[in-house]
Amino acid sequence: LTYSVRHYDLEIQYRTASNHLVGRATIEATAHADLTELGLDLAGLTVSKVHVNGALSRFTHRGPRLTVRPSVSLSAGDSFSVVVDYGGNPRPVPGPWGEAGWEELTDGAIVAAQPQGAPSWFPCNDRPSDKASYAISVTTGSDYRAAANGRLVASRRRASTTTWVYEQDEPMAPYLATVQIGRYAVRDQEASVPIEVLLPARKAGRLDVGFGRQPEMMRTFVDLFGPYPFPLYRVVVTDEDL
C-alpha cells in the first residue's frame, strides 16, 4: 500500500434526462512510500484536469486506471490532496460477478457499487481495506431528491436545481459510497436507530406493506450483532419494492 485515503469530498452535478455527470473529487491522503506517481480507479468517464497539492499535474487515463504524476514528488509520511475534474455518462462497471455501480433509471439513478462499482462515478483508491470519511454533494433538478451516505447537512435550491449535501464521518470502503436520485417522499420510523425511508412519492401510503417491520428487524439485529455502527439507517425504496 503506497498511500491511503483519509477523506473524499465529492461534488457532482447530474442531469437525469441525458444521464450526464460532471464531477470534482478532492481526495485527502497520506503517502506510505516515496511517490513520483500514484494510481486511482475511474471507469467510463473522462478526466479534464488533475491537481496535486494545488499544482496542475500530468496524468494518463487508460481503461479503468488513472495514473497521476505530481509536479513535485511526494515523500513517505506526506499528507497530500488530489483534485480530479471529470465527467461523462456514467454506467455500471463489469466484473466477475456482473455489473455494479451507477445505474440510470427510467426516471432517476441509483448506485449499487458492491464489489467493484465505485469507479463508475468517482475516482478512488478502490480497495475495501482503504476506508475513509466522505462528504458528498449532489446537484440535480429540483423536482428530484438526492440521497447519499451519512447525515444530510444542507439542501440549497437555486433556480431549477437543488444541491443536497451529506457527510459520512465514519470511515467506509469505497464500494459503500452511494447516490440515489428520484422523486422521493421521506418517511421516518422510530427504532433503536433512527430509520429514514425514501420511497416513490406516489406510493408513500404503501410503506407498511413491505417495510412496516423494519423497526422490529433493527431491534433484533442489534440484539444479535451489537450496536448499529452509524447514527442513521437510510432505506431507499424503488417502484419494484412495493
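The values are calculated or read from the model by the stated rules, or taken from the named source; none is laboratory data. Please read these numbers as outputs of a predicted model, since none were measured by experiment. Backbone-built Cβ (ideal geometry, glycine too); neighbour counts: all protein chains shown. Heads up: the accessible areas ignore ligands, DNA and RNA and are worked out on the full protein's heavy atoms, side chains in. Shrake-Rupley method; radii C 1.70, N 1.55, O 1.52, S 1.80 Å.
Output the residues belonging to the stretch 49-106 that are of a type in the set (D, E) and within 27 Å of L35 (Cβ to Cβ).
D78, D85
Screening the candidates D130, D169, D126 for the property of being assigned to a loop (DSSP other than H, G, I, E, B) and surrounded by fewer than 21 Cβ atoms within 10 Å (Cβ to Cβ) yields one hit, D130.
The residues of the stretch 71-110 that are hydroxyl-bearing (S, T, Y), over 19 Å from I181 (Cβ atoms) and either in contact (Cβ under 8 Å) with a residue 24 or more places away in the chain or touching an Asp or Glu at 6+ places or on another chain (Cβ under 7 Å) (or both), listed by number, are S73, S75, S79, S81. A135 meets the stated requirement of being in contact with an Asp or Glu (Cβ under 8 Å, 6 or more places away or on another chain), at pLDDT 95 or above and among the aliphatic types (A, V, I, L, M).
For the structure I just gave you, tell me whether G87 is more than 16 Å from R6 (Cβ to Cβ), part of a loop (DSSP other than H, G, I, E, B) and among the small types (G, A, S).
no
Take D188 and tell me if it is open to solvent by 100 Å² or more (accessible area, probe 1.4 Å) and closer than 26 Å to Y166 by Cα. Lay out the reasoning, then the answer.
Working: open to solvent by 100 Å² or more (accessible area, probe 1.4 Å): yes; closer than 26 Å to Y166 by Cα: yes.
The answer is yes for D188.
Looking at the stretch 204-236 only, could you name the residues that are closer than 22 Å to Q180 by Cα, without any contact (Cβ under 8 Å) to a residue 12 or more places away in the chain and not in a loop (DSSP other than H, G, I, E, B)? G205, D208 - these are the residues of the stretch 204-236 that are closer than 22 Å to Q180 by Cα, without any contact (Cβ under 8 Å) to a residue 12 or more places away in the chain and not in a loop (DSSP other than H, G, I, E, B). Beta carbons closer than 6 Å, at least 6 apart along the sequence or on distinct chains, pair a first residue in the stretch 15-34 that is under 18 Å from G101 (Cα atoms) with a second that is aliphatic (A, V, I, L, M) for L21/I12; G23/I12; A25/L10; A25/V84. Each residue in the stretch 39-61 was checked for being over 22 Å from N19 (Cα atoms) and of a type in the set (A, V, I, L, M, F, W, C), and 6 of them qualify. Report whether or not T67 is among the hydroxyl-bearing types (S, T, Y), closer than 26 Å to A113 by Cβ and out of contact with any helix residue (DSSP H, G or I) (no Cβ under 8 Å at 6 or more places or on another chain). In short, yes.
For the criterion of being assigned to a loop (DSSP other than H, G, I, E, B) and surrounded by 15 or more Cβ atoms within 10 Å (Cβ to Cβ), P96 fails.
Which residues, taken from the stretch 163-184, are under 27 Å from R206 (Cβ atoms) and in contact with a strand residue (DSSP E or B) (Cβ under 6 Å, 6 or more places away or on another chain)? Walk me through how you get there before you give the answer.
Narrowing the stretch 163-184 to residues under 27 Å from R206 (Cβ atoms): 164, 166, 178-184.
Result: W164, Y166, T178, V179, Q180, I181, G182, Y184.
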